[in-house]
Amino acid sequence: MDVRKRNRVSVTGLDSGPVVMLAHGFGCDQSLWRLVAPELEKRFQVVLFDHVGAGRSDASAWSPERYSSLDAYAQDVIEICRELNLGPVSFVGHSVSSMIGVLAAVREPALFDSLVLLAPSPSYIDDGDYHGGFSEQDIDELLESLDSNYLGWSATMAPVIMGNPERPELGEELTNSFCRTDPEIARVFARATFLSDNRADLANVTVPTLIAQSARDTIAPREVGAFVHGQIAGSELVTLNSTGHCPQLSAPEETAEAIIAFVQGP
(Lines give C-alpha, C1' and ligand atoms only; values in the text may rest on other atoms or scores of the structure.)
Protein backbone atom coordinates (compact mmCIF):
# COMPACT_ATOMS: atom_id res chain seq x y z
CA MET A 1 0.00 0.00 0.00
CA ASP A 2 1.12 3.55 -0.75
CA VAL A 3 2.14 4.77 2.71
CA ARG A 4 1.87 8.43 1.72
CA LYS A 5 -1.72 7.97 0.56
CA ARG A 6 -2.62 5.70 3.47
CA ASN A 7 -1.69 8.35 6.03
CA ARG A 8 -2.15 11.44 3.82
CA VAL A 9 1.46 12.40 4.39
CA SER A 10 2.73 15.84 3.43
CA VAL A 11 6.17 17.40 3.78
CA THR A 12 6.33 21.18 4.12
CA GLY A 13 8.84 23.78 5.25
CA LEU A 14 12.50 23.77 4.31
CA ASP A 15 13.87 21.55 1.56
CA SER A 16 16.60 20.18 3.81
CA GLY A 17 17.76 20.21 7.39
CA PRO A 18 16.23 18.83 10.58
CA VAL A 19 12.94 16.97 10.21
CA VAL A 20 10.02 17.41 12.62
CA MET A 21 7.13 14.93 12.42
CA LEU A 22 3.84 16.04 13.99
CA ALA A 23 1.39 13.37 15.20
CA HIS A 24 -2.15 14.21 16.31
CA GLY A 25 -4.17 12.72 19.15
CA PHE A 26 -7.45 10.84 19.51
CA GLY A 27 -10.40 12.20 17.55
CA CYS A 28 -8.23 14.70 15.69
CA ASP A 29 -6.28 15.00 12.46
CA GLN A 30 -3.27 16.92 11.22
CA SER A 31 -5.28 20.15 10.93
CA LEU A 32 -4.97 20.65 14.69
CA TRP A 33 -1.31 21.57 14.10
CA ARG A 34 -2.24 24.48 11.83
CA LEU A 35 -1.23 27.16 14.38
CA VAL A 36 2.11 25.54 15.23
CA ALA A 37 3.25 24.19 11.85
CA PRO A 38 3.90 27.60 10.20
CA GLU A 39 6.45 28.52 12.87
CA LEU A 40 8.17 25.15 12.57
CA GLU A 41 8.23 25.37 8.77
CA LYS A 42 10.51 28.42 9.00
CA ARG A 43 13.25 26.26 10.53
CA PHE A 44 12.61 22.60 9.70
CA GLN A 45 11.25 20.13 7.25
CA VAL A 46 7.82 19.35 8.69
CA VAL A 47 6.03 16.03 8.19
CA LEU A 48 2.28 16.01 8.74
CA PHE A 49 0.06 12.93 8.56
CA ASP A 50 -3.25 11.47 9.67
CA HIS A 51 -3.45 8.24 11.61
CA VAL A 52 -5.34 5.57 9.70
CA GLY A 53 -9.04 6.15 10.32
CA ALA A 54 -8.59 9.87 10.99
CA GLY A 55 -8.93 12.91 8.78
CA ARG A 56 -8.41 12.15 5.11
CA SER A 57 -6.38 8.99 5.60
CA ASP A 58 -7.24 5.95 3.50
CA ALA A 59 -10.12 4.44 5.49
CA SER A 60 -9.85 1.18 3.54
CA ALA A 61 -6.56 0.53 5.37
CA TRP A 62 -8.32 0.48 8.75
CA SER A 63 -9.52 -2.66 10.47
CA PRO A 64 -10.59 -3.19 14.08
CA GLU A 65 -8.23 -6.15 14.40
CA ARG A 66 -5.11 -4.27 13.32
CA TYR A 67 -5.83 -1.01 15.12
CA SER A 68 -7.03 -2.40 18.44
CA SER A 69 -3.68 -1.48 20.04
CA LEU A 70 -1.18 1.35 19.76
CA ASP A 71 1.42 -1.00 18.28
CA ALA A 72 -0.14 -0.76 14.80
CA TYR A 73 -0.02 3.04 14.91
CA ALA A 74 3.64 2.88 15.97
CA GLN A 75 4.38 0.57 13.05
CA ASP A 76 2.72 3.06 10.70
CA VAL A 77 5.00 5.81 12.00
CA ILE A 78 8.03 3.62 11.35
CA GLU A 79 6.82 2.89 7.81
CA ILE A 80 6.29 6.61 7.12
CA CYS A 81 9.83 7.39 8.30
CA ARG A 82 11.27 4.67 6.09
CA GLU A 83 9.20 5.70 3.08
CA LEU A 84 10.19 9.37 3.30
CA ASN A 85 13.86 8.51 3.91
CA LEU A 86 14.60 12.02 5.20
CA GLY A 87 16.89 10.83 7.95
CA PRO A 88 16.19 10.66 11.68
CA VAL A 89 13.17 12.72 12.72
CA SER A 90 12.20 14.66 15.79
CA PHE A 91 8.81 13.16 16.55
CA VAL A 92 6.25 15.41 18.24
CA GLY A 93 3.35 13.35 19.56
CA HIS A 94 0.28 14.90 21.12
CA SER A 95 -1.63 12.99 23.80
CA VAL A 96 -1.93 9.31 22.78
CA SER A 97 0.53 9.91 19.96
CA SER A 98 3.19 10.59 22.56
CA MET A 99 3.01 6.92 23.53
CA ILE A 100 2.82 5.90 19.89
CA GLY A 101 6.10 7.76 19.44
CA VAL A 102 7.59 6.05 22.48
CA LEU A 103 6.71 2.63 21.08
CA ALA A 104 8.13 3.49 17.66
CA ALA A 105 11.35 4.94 19.09
CA VAL A 106 11.89 1.93 21.33
CA ARG A 107 11.37 -0.38 18.36
CA GLU A 108 13.52 1.57 15.86
CA PRO A 109 15.63 4.16 17.73
CA ALA A 110 17.85 4.88 14.71
CA LEU A 111 14.88 6.52 12.95
CA PHE A 112 14.52 9.20 15.64
CA ASP A 113 16.67 12.16 16.60
CA SER A 114 14.42 13.01 19.52
CA LEU A 115 10.92 12.82 20.98
CA VAL A 116 8.68 15.66 22.09
CA LEU A 117 5.83 14.29 24.19
CA LEU A 118 3.07 16.90 24.34
CA ALA A 119 0.52 16.31 27.12
CA PRO A 120 1.53 12.65 27.44
CA SER A 121 -0.04 9.93 29.55
CA PRO A 122 1.33 6.38 29.67
CA SER A 123 -1.76 5.25 31.60
CA TYR A 124 -4.97 7.13 32.36
CA ILE A 125 -6.05 4.88 35.22
CA ASP A 126 -4.96 5.40 38.84
CA ASP A 127 -2.92 2.49 40.14
CA GLY A 128 -1.57 2.50 43.69
CA ASP A 129 0.83 5.42 43.99
CA TYR A 130 0.46 6.22 40.31
CA HIS A 131 -2.03 9.03 39.66
CA GLY A 132 -3.29 8.78 36.09
CA GLY A 133 -6.24 11.08 36.65
CA PHE A 134 -9.10 8.57 36.35
CA SER A 135 -10.41 5.57 38.24
CA GLU A 136 -11.10 2.35 36.38
CA GLN A 137 -14.81 3.08 36.83
CA ASP A 138 -14.34 6.54 35.30
CA ILE A 139 -12.82 5.03 32.16
CA ASP A 140 -15.47 2.30 31.94
CA GLU A 141 -18.20 4.93 32.12
CA LEU A 142 -16.44 7.12 29.57
CA LEU A 143 -16.24 4.23 27.09
CA GLU A 144 -19.84 3.18 27.74
CA SER A 145 -21.00 6.72 27.06
CA LEU A 146 -18.96 6.85 23.87
CA ASP A 147 -20.49 3.54 22.74
CA SER A 148 -24.08 4.54 23.41
CA ASN A 149 -24.07 8.06 21.96
CA TYR A 150 -20.85 9.11 20.25
CA LEU A 151 -22.08 12.50 19.06
CA GLY A 152 -23.44 13.34 22.51
CA TRP A 153 -20.20 12.14 24.10
CA SER A 154 -18.22 14.35 21.71
CA ALA A 155 -20.28 17.44 22.54
CA THR A 156 -19.85 16.80 26.27
CA MET A 157 -16.22 15.68 26.42
CA ALA A 158 -14.53 17.93 23.87
CA PRO A 159 -14.94 21.12 25.95
CA VAL A 160 -13.68 19.25 29.03
CA ILE A 161 -10.62 18.01 27.16
CA MET A 162 -9.94 21.42 25.63
CA GLY A 163 -10.49 23.43 28.82
CA ASN A 164 -10.51 27.22 28.33
CA PRO A 165 -14.27 27.69 28.85
CA GLU A 166 -13.81 31.41 28.26
CA ARG A 167 -12.78 30.52 24.67
CA PRO A 168 -15.70 28.30 23.59
CA GLU A 169 -14.57 28.33 19.97
CA LEU A 170 -11.71 25.99 20.94
CA GLY A 171 -14.07 23.42 22.42
CA GLU A 172 -16.31 23.74 19.38
CA GLU A 173 -13.39 23.03 17.08
CA LEU A 174 -12.50 19.89 18.97
CA THR A 175 -16.15 18.80 19.04
CA ASN A 176 -16.34 19.20 15.27
CA SER A 177 -13.14 17.20 14.88
CA PHE A 178 -14.55 14.38 17.00
CA CYS A 179 -17.79 14.42 15.03
CA ARG A 180 -15.92 13.99 11.75
CA THR A 181 -14.50 10.69 13.04
CA ASP A 182 -16.32 7.49 12.15
CA PRO A 183 -17.96 6.29 15.40
CA GLU A 184 -16.82 2.68 14.92
CA ILE A 185 -13.22 3.79 14.43
CA ALA A 186 -13.51 6.15 17.40
CA ARG A 187 -14.72 3.32 19.65
CA VAL A 188 -11.75 1.11 18.79
CA PHE A 189 -9.20 3.94 19.03
CA ALA A 190 -10.70 5.08 22.34
CA ARG A 191 -10.13 1.66 23.87
CA ALA A 192 -6.60 1.51 22.50
CA THR A 193 -6.02 4.97 24.00
CA PHE A 194 -7.70 4.90 27.39
CA LEU A 195 -7.01 1.26 28.29
CA SER A 196 -3.36 1.19 27.28
CA ASP A 197 -0.60 1.06 29.88
CA ASN A 198 2.82 2.03 28.52
CA ARG A 199 4.51 2.85 31.81
CA ALA A 200 6.98 -0.01 31.44
CA ASP A 201 7.99 1.17 27.95
CA LEU A 202 9.26 4.55 29.13
CA ALA A 203 12.49 3.21 30.64
CA ASN A 204 13.43 1.75 27.23
CA VAL A 205 13.53 5.14 25.50
CA THR A 206 17.11 5.97 24.51
CA VAL A 207 16.67 9.09 22.35
CA PRO A 208 16.64 12.64 23.77
CA THR A 209 13.14 13.41 25.03
CA LEU A 210 11.19 16.51 26.02
CA ILE A 211 7.99 16.25 28.03
CA ALA A 212 5.85 19.35 27.47
CA GLN A 213 2.75 19.56 29.66
CA SER A 214 0.05 22.11 30.32
CA ALA A 215 0.00 23.79 33.69
CA ARG A 216 -3.70 22.89 33.97
CA ASP A 217 -4.85 19.71 32.26
CA THR A 218 -7.69 17.50 33.52
CA ILE A 219 -6.79 14.66 31.12
CA ALA A 220 -3.05 14.46 31.82
CA PRO A 221 -2.38 16.03 35.24
CA ARG A 222 1.05 17.40 36.09
CA GLU A 223 1.77 14.35 38.22
CA VAL A 224 1.68 12.30 35.02
CA GLY A 225 4.23 14.52 33.29
CA ALA A 226 6.49 14.26 36.31
CA PHE A 227 6.15 10.47 36.23
CA VAL A 228 7.09 10.30 32.53
CA HIS A 229 10.06 12.60 33.18
CA GLY A 230 11.21 10.37 36.02
CA GLN A 231 11.00 7.22 33.93
CA ILE A 232 12.86 8.42 30.80
CA ALA A 233 16.54 8.84 31.62
CA GLY A 234 17.96 12.24 30.71
CA SER A 235 14.59 13.65 29.66
CA GLU A 236 13.63 17.30 30.02
CA LEU A 237 10.34 18.57 31.43
CA VAL A 238 8.74 21.90 30.60
CA THR A 239 5.41 23.14 31.93
CA LEU A 240 3.64 25.43 29.50
CA ASN A 241 1.56 28.28 30.87
CA SER A 242 -1.48 26.82 29.19
CA THR A 243 -4.84 25.37 30.16
CA GLY A 244 -6.33 22.21 28.71
CA HIS A 245 -5.13 19.13 26.91
CA CYS A 246 -4.47 20.76 23.52
CA PRO A 247 -1.84 23.48 23.99
CA GLN A 248 -1.11 23.48 20.26
CA LEU A 249 -4.49 25.24 19.95
CA SER A 250 -4.78 27.10 23.25
CA ALA A 251 -1.12 28.26 23.44
CA PRO A 252 0.39 27.72 19.98
CA GLU A 253 3.21 30.25 20.27
CA GLU A 254 4.52 28.81 23.52
CA THR A 255 4.12 25.26 22.20
CA ALA A 256 6.05 26.08 19.02
CA GLU A 257 8.78 27.84 21.02
CA ALA A 258 9.25 24.78 23.26
CA ILE A 259 9.53 22.45 20.27
CA ILE A 260 11.94 24.75 18.43
CA ALA A 261 14.19 25.28 21.46
CA PHE A 262 14.45 21.54 22.10
CA VAL A 263 14.97 20.43 18.50
CA GLN A 264 17.52 23.13 17.72
CA GLY A 265 19.36 22.62 20.98
CA PRO A 266 21.61 25.09 22.78
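Couple of notes before you dig in:
- For first residues located in the range 251-265 and under 13 Å from P208 (Cα atoms), partners that are acidic (D, E) and open to solvent by 20 Å² or more (accessible area, probe 1.4 Å) and lie 6+ apart or on another chain with Cβ distances below 8 Å form the pairs F262/E236; V263/D113.
- Being open to solvent by less than 10 Å² (accessible area, probe 1.4 Å) and of a type in the set (S, T, Y) is not true of S145.
- Scope the range 1-20; condition under 25 Å from N176 (Cβ atoms) and within 19 Å of the chain's Cα centre (by Cα); matching residues: R6, N7, R8, V9, S10
- Residues (open to solvent by 30 Å² or more (accessible area, probe 1.4 Å), over 28 Å from V188 (Cβ atoms) and in contact with a Phe, Trp or Tyr (Cβ under 9 Å, 6 or more places away or on another chain)) located in the range 1-45: G13, L14, G17, P18
- Whichever residue in the range 118-174 is in contact with a strand residue (DSSP E or B) (Cβ under 9 Å, 6 or more places away or on another chain) and of a type in the set (S, T, Y) and, among such residues, is nearest to T209 (Cα to Cα): S123
- Every residue from the range 220-234 that is open to solvent by 10 Å² or more (accessible area, probe 1.4 Å) and not in a helix (DSSP H, G or I): P221, A233, G234
- So V116, is it out of contact with any Cys (no Cβ under 7 Å at 6 or more places or on another chain), in a strand (DSSP E or B) and open to solvent by less than 60 Å² (accessible area, probe 1.4 Å): yes
The values are calculated or read from the model by the stated rules, or taken from the named source; none is laboratory data. Fair warning: this is a prediction, and the values are worked out from it, not measured in the lab. Every residue, glycine as well, gets a Cβ built from its backbone with ideal geometry; the counts of neighbours run over all protein chains shown. Accessible surface is based on the protein model in full, side chains and every heavy atom, while ligands, DNA and RNA are left aside. Shrake-Rupley method; radii C 1.70, N 1.55, O 1.52, S 1.80 Å.
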